[in-house]
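Step one of this worksheet: look at the structure below.
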Amino acid sequence: MSVNFRLPGPTPLPPQVITALGREMIPHRGPAFRALYSETLELAREIHRTDGDVLTWAATGSAGWEVAVVNLLSPGDPVLVAVNGNFGERFASVADRLGIDVRRLDVPWGEAVQPGQLRLALEQHRDVKAVLLVHNETSTGVTNPLRDLAATVRDHGALVVVDAVSGAGALPLEVDAWGIDFAFSGSQKAWMCPPGLLIVAAGARAWAAHQKSTYPRFFWDMREAKKWADQGMTPTTPPLSMIYAFRAALGMIAHEGVEQVWERHRQLGLMTRAGIASAGLRLFAQEGFESNSVTAFEPPPNVTAAQFLELLRRDYGVEAQGGQAHLSDRLIRVGHMGWVHEPEMRQAVAAVVDVAARLSSVGGAEPDLLQPLQARTGTA
Ligand code: PLP
């Protein structure tokens, strides 16, 4: 049975990326690397729809929270964080640990942050210098209305800082047109690469904020990163294989067309949700704000996410994921971002539907059900 790898990150690697990862090392101060890195950043700018800068670090997405805070703010600065899931929660906690004066806009998990709520919160916290937003809440399968949220923040005048880790490369994201000052993402999501590269887009207002920031920093200093990036290099040794891989993946996205890539994700999201809902399973995301990169749904009553996931894995080869924090056993998350097309999503959805039907036929996860499918039916 082949594995259908449906985590909401890391995601499957396309053959072009696997080939790129196998490439030999080259001198990271030599002309070949400089050309490659310059070209990679240029493509990344196009795909982020920005004339601003794109920079990278050898890191995972979580570093983006810290990179944003230490480059754009100073200790004690008031900041508003919109929290409607576990990643917003972590963004707030990183800012708090770094000594930021964190104000929160809490929205129930599963719902989207609405511009009206954000406007009210900004009226209560007029002094905030930045608003920290999550584009796509991977923990709940909710996409926040980023364009409208960014416009609301811009009206107020604060910086728009976005965790786009599971959105960038899958969902519409127009960094310049939407007025986003700073957005970051991680290579292992819709960028179709292994974990290990942090990608940051920074615009003019982010650079102006950086000038005023008093945090001490070394590895995460975006001015230093830009100084080197302008010459096609990184301040320290770059993760060469990750740059090869990212270049290959961006080439694929550019070849397909970024809008076509967004449309493919939209179609896959629709299909996944329709199939799962048809099995009588409850989708977790608020209607109208469901993510097209990850779908979250509740297991049937009397069944834990772990039991459901075990059946998916063992009998259908589908590797999905449970929920996070207090929802760890109450949610199942199926990823459909990056290198993903209709056949594998159809198989994954059919597997979910089948597991739900098997469970409902016995009224829950009875021990009999935990027999492998072959043992019960004689088929694989
Ligand atoms: N932000 C979001 C929205 C995420 O989905 C994730 C990871 O799933 C992160 C941040 C953290 O990224 P990483 O696990 O690459 O450190």
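For the pair the range 216-288 and the range 102-180, the centres of their Cα atoms are 18 angstrom apart. Legend: Rg and Dmax of the range 28-118, from Cα coordinates, 17.1, 51 Å. Taking each DSSP H run with n ≥ 4 as -39500 (n - 2.57) and averaging over every residue of the chain yields -13000 deg cm²/dmol at 222 nm. Model label points for Q267 and K227, set 7 angstrom from Cα along the Cα-to-Cβ axis, are 4.8 nm apart. In the chain, a dipole from Cβ-located charges (positive for Lys and Arg, negative for Asp and Glu) runs towards its positive end, and of V79, A68, P172 it is A68 whose Cα lies farthest in that direction. Every Cα-Cα pair of the range 127-212 was included, and the share exceeding 17 Å stands at 46 percent. At the listed q of 0.13, 0.19, 0.20 Å⁻¹, the Debye profile of the range 276-370, built from one uniform point per Cα, gives log10 I(q)/I(0) equal to -0.40, -0.88, -0.98.
Relative contact order for the chain: 24 percent, from Cα pairs under 8 Å spaced at least 6 residues apart, divided by residue count. In this rough spin-label picture, where each label sits 7 Å from Cα along the Cβ direction, the E24-H341 distance is 3.3 nm.
The ratio of the alpha-carbon radius of gyration of the range 224-344 to the globular-protein estimate 2.2 N^0.38 Å is 1.39. What percent antiparallel are the DSSP beta bridges of the range 67-157, to the nearest 5? Of the beta bridges lying entirely in the range 67-157, close to 20 percent run antiparallel. Between the residues G110, T138, G99, the greatest Cα displacement towards the positive end of the dipole of the range 98-141, with unit charges on the Cβ of Lys, Arg, Asp and Glu, is found for G99. For E259, the accessible area of its heavy atoms, probed at 1.4 Å with every protein chain present, is near 110 square angstrom. Each principal axis of the Cα atoms in the range 15-256 has its own extent, and those three values, largest first, are 54, 36, 29 angstrom.
Applying 0.36 nm per residue to the separation of D51 and F219 and subtracting their alpha-carbon distance, the gain on full extension is 58.1 nm. Remark: the range 167-239 projects, on average over all directions, an area of 5.7 nm² (convex hull of Cα atoms). Helix 240-256 and the long axis of the chain differ in direction by around 70°, with both axes built from C-alpha atoms.
The values are calculated or read from the model by the stated rules, or taken from the named source; none is laboratory data. Quick caveat: nothing in here was measured; it's all calculated off a predicted structure. Counting neighbours? That spans all protein chains shown, and the Cβs are built from the backbone with ideal geometry, glycine included. Just the protein is used for accessible areas: all its heavy atoms, side chains included, with ligands, DNA and RNA removed. Shrake-Rupley method; radii C 1.70, N 1.55, O 1.52, S 1.80 Å.
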